[in-house]
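The structure appears right after this line, and notes come after that.
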Amino acid sequence: MRSLVCRPLRLELLRFAFTTALVLALAPAVFAQAVSTRTTLAVTPLANGASQVAVNVTDADGKPATGVIDIEEGGHLLAQTQLNSSGQASVPVTLAAGDHTLTAVYLGDAAHQASSSVARNVQTQVTGGTPTFQVGVTAVSPSTLPMTLTAGQSGTVQVTVTPVNNASLGDTPMFVTLSCSGLPSLAYCSFAPANLEIQSTTPTSCASGSPASACPPTSLMVISTQAQTASRGEPQRNADHAAWALLLPGVLGLGGLGFAARRRRWLQRLALVALVGMVTTIGMTGCNPQYYYYNHGPGLPPATPAGTYTVTITAQSSNGVTAINNSTTMVLTVQ
């Protein structure tokens, strides 16, 4: 009786010990948390309202982090880019003349917590009131940045071109052309409209007394990707009948010539010529691209390759003498 009572107890103790050991073994993986990070920001003012922003992100052990950085002013996104393998990033921004306060926001990843830098004050100057502009981007669909798309999907962002010192334009407006670069293969961008106009006066669409920067011209940029076709097109079989219509009589004819060639020499030569002709026909039929297309169908178009990419949106204007190129960046992930 005693052994019967102890046996279930021993089994329960063994089960408890096994479960405890399993929980302890899996605990580091299950309860592991992303490590804290530290983000630093440095801003170097350049000529004509431009500034170069440098960011560095490290974890609690001083190792470089990976992921995406936002450059913001007052919660407004100025640029977005990726950290390199050293946990660093550098991106240009264009600001209106005056005092600005910039912040770098690290968005974090699976192994690192998000963090923000100390705000940095920067004073920019625009020489002689030279007219220029600032480029910004805002998510539309999907509604957040970085933009994440599955191959075959499209996404939309709004590109804003904010005038800077536009009053010095006089009676001649500034026309700005938009373009993008940095997209993966089999992906492309389009703008609606692709050209924007900056005038010297505040547009009538603005409230009375508002500066031109209060209602800047905008454009919608659509990023399109390509999916791989699930199946090939149905091959056409008409070529099979044509091939057999040529080959079958030829094979039968060669058989007859071969039988008769044993008695007559000229038939041997004719049989050789016919054999060469048949081999040529087979080669042209089997290796011809048109034959392959008819019998195997078109090849599968490849999909836009998966990965994470930094896309640059550039706005360019020229008065015939001096060209102005300002840009911003955003991050695109294709799944």
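With the highest mean first, a sort of the peptides 216-222, 91-97, 137-143 on other beta-carbon atoms found within 10 angstrom per residue produces 91-97, 216-222, 137-143.
The amide H of Q226, built 1.01 Å from its N in the peptide plane, has G152, T304 as neighbours under 5 Å, considering only residues 5 or more places off or on other chains. Taking the square roots of 5 times each eigenvalue of the Cα gyration tensor of region 34-125, largest first, gives ellipsoid semi-axes of 25, 11, 10 Å. Region 53-85 and region 189-214 have Cα centres spaced 31 Å apart. Taking other residues whose beta carbon is less than 12 angstrom from the beta carbon of L107, and scoring Lys, Arg as +1 and Asp, Glu as -1, yields -3.
Ordering F133, F175 from the fewest to the most neighbouring beta carbons within 10 Å gives F175, F133. Backbone amide hydrogens, once placed in the peptide plane, bring H112 within less than 5 Å of V35, excluding anything fewer than 5 places away on its chain.
Throughout, read-outs are computed from the coordinates displayed, never taken from laboratory work. It should be emphasised that the depicted structure is a prediction, and the values quoted were computed from it without experimental measurement. Virtual Cβ from ideal backbone geometry, glycine too; neighbours counted across all protein chains shown.
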